[in-house]
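**Q** Mind having a look at this structure? Questions to follow.
The values are calculated or read from the model by the stated rules, or taken from the named source; none is laboratory data. Because the structure is predicted, anything quoted here is derived from the model rather than measured. Positions of Cβ are backbone-derived with ideal geometry, glycine not excepted, and every protein chain shown enters the neighbour counts.
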């Protein structure tokens with residue numbers, strides 16, 4: 001089994017994934033605000049109990065590594081490190097940039113729709129945003145720190161206006177910015193529910209990375 005955790009922002013998410021069956025067994029996503037430390041492990045323990053699984057069934061762990069709040073990212077990474085040390089058999093451990101979890105369910109859809117790039121967005125606080133640009137034909141690409149951009153919504157809007165091709169924008173896009181983006185005919189803002197970061201998507205993506213021998 002693979003366990004995926006995302007506590008990088010106030011939206012926390014936990015998933016249990018069966019790599020052999022390529023099946024999501026359990027997932028919970030909620031607004032933890034600043035309660036990731038208190039709530040995440042109990043949620044995972046409840047999921048394992050519901051599935052009649054124990055810690056020794058865990059063979060792999062995946063976690064988001066940022067961007068996000070410093071505290072949120074640290075909580076997730078620390079939990080995964082602690083779990084890995086506590087398991088009888090050392091698991092495979094994979095960290096993925098937070099925005100990979102946003103685009104994971106969208107890249108195949110974007111490629112089928114003839115979209116040239118998916119721009120994933122994360123709110124960084126104080127009116128600023130983080131974003132990275134993903135190619136639909138590169139599902140196992142991991143953005144480096146240099147591939148991430150930070151700035152106010154106006155900067156993102158200007159970048160989108162000047163970018164060529166058909167574009168999708170997904171993730172934590174403020175409503176007023178979404179309205180402004182919609183004025184550009186070559187850009188489509190993905191529905192917020194579809195662009196929600198979910199640990200189930202993170203888990204499936206991590207399973208693909210591990211199957212490809214990328215860690």
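Yes/no matrix, rows are residues, columns are (1) surrounded by 13 or more Cβ atoms within 10 Å (Cβ to Cβ); (2) part of a loop (DSSP other than H, G, I, E, B):
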site: 27; (1), (2): yes, no
site: 33; (1), (2): no, yes
site: 43; (1), (2): yes, no
site: 46; (1), (2): yes, no
site: 56; (1), (2): no, no
site: 63; (1), (2): yes, no
site: 67; (1), (2): yes, yes
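**Q** Just need a number here: residues in the range 107-142 that are out of contact with any helix residue (DSSP H, G or I) (no Cβ under 9 Å at 6 or more places or on another chain) and not in a strand (DSSP E or B).
**A** The total comes to 8.
**Q** Six or more apart or on different chains, Cβ under 8 Å: which pairs go from a residue in the range 157-178 that's at positive phi to one that's assigned to a strand (DSSP E or B)? Could you list them?
**A** From residues that are at positive phi, the pairs are 165/117; 171/120; 171/121; 171/122; 171/131.
**Q** So if I check each of 203, 178, 159, which one is in contact with a strand residue (DSSP E or B) (Cβ under 8 Å, 6 or more places away or on another chain), part of a helix (DSSP H, G or I) and assigned by TED's automatic domain parsing to the domain that holds residue 16?
**A** When all the criteria are applied, what remains is 203.
**Q** May I ask you to say which residue of 14, 77 is crowded, with 17+ Cβ neighbours inside 10 Å and not in a strand (DSSP E or B)?
**A** The unique qualifying residue is 77.
**Q** Looking at residue 51, is it under 21 Å from residue 205 (Cα atoms) and either in contact with a strand residue (DSSP E or B) (Cβ under 7 Å, 6 or more places away or on another chain) or crowded, with 23+ Cβ neighbours inside 10 Å (or both)?
**A** no
**Q** Can you work out which of the residues in the range 162-175 that are under 21 Å from residue 124 (Cα atoms) and in contact with a strand residue (DSSP E or B) (Cβ under 7 Å, 6 or more places away or on another chain) is surrounded by the fewest Cβ atoms within 10 Å (Cβ to Cβ)?
**A** Among those that are under 21 Å from residue 124 (Cα atoms) and in contact with a strand residue (DSSP E or B) (Cβ under 7 Å, 6 or more places away or on another chain), it is 172.
**Q** To continue, here is another question. May I ask you to verify whether residue 111 is modelled with pLDDT of 95 or more and out of contact with any strand residue (DSSP E or B) (no Cβ under 9 Å at 6 or more places or on another chain)?
**A** yes
**Q** Which one of these does residue 153 not meet: (1) in contact with a strand residue (DSSP E or B) (Cβ under 7 Å, 6 or more places away or on another chain); (2) closer than 22 Å to residue 61 by Cβ?
**A** (2)
**Q** Only one residue in 153, 127 is more than 17 Å from the chain's Cα centre (by Cα) and surrounded by fewer than 17 Cβ atoms within 10 Å (Cβ to Cβ). Which one?
**A** Only one candidate qualifies: 127.
**Q** Go through the range 67-76 and give me each residue that's touching a strand residue (DSSP E or B) at 6+ places or on another chain (Cβ under 6 Å) and under 16 Å from residue 14 (Cα atoms).
**A** 76, the sole residue that qualifies.
**Q** Kindly indicate whether any position in the range 84-94 is crowded, with 19+ Cβ neighbours inside 10 Å, assigned by TED's automatic domain parsing to the domain that holds residue 41, in a helix (DSSP H, G or I) and in contact with a strand residue (DSSP E or B) (Cβ under 7 Å, 6 or more places away or on another chain).
**A** No, that holds for no residue.
**Q** Tell me, please, whether a residue that is over 20 Å from residue 8 (Cα atoms) and touching a strand residue (DSSP E or B) at 6+ places or on another chain (Cβ under 9 Å) can be found in the range 118-126.
**A** Scanning the range 118-126, I find at least one residue that is over 20 Å from residue 8 (Cα atoms) and touching a strand residue (DSSP E or B) at 6+ places or on another chain (Cβ under 9 Å), so the answer is yes.
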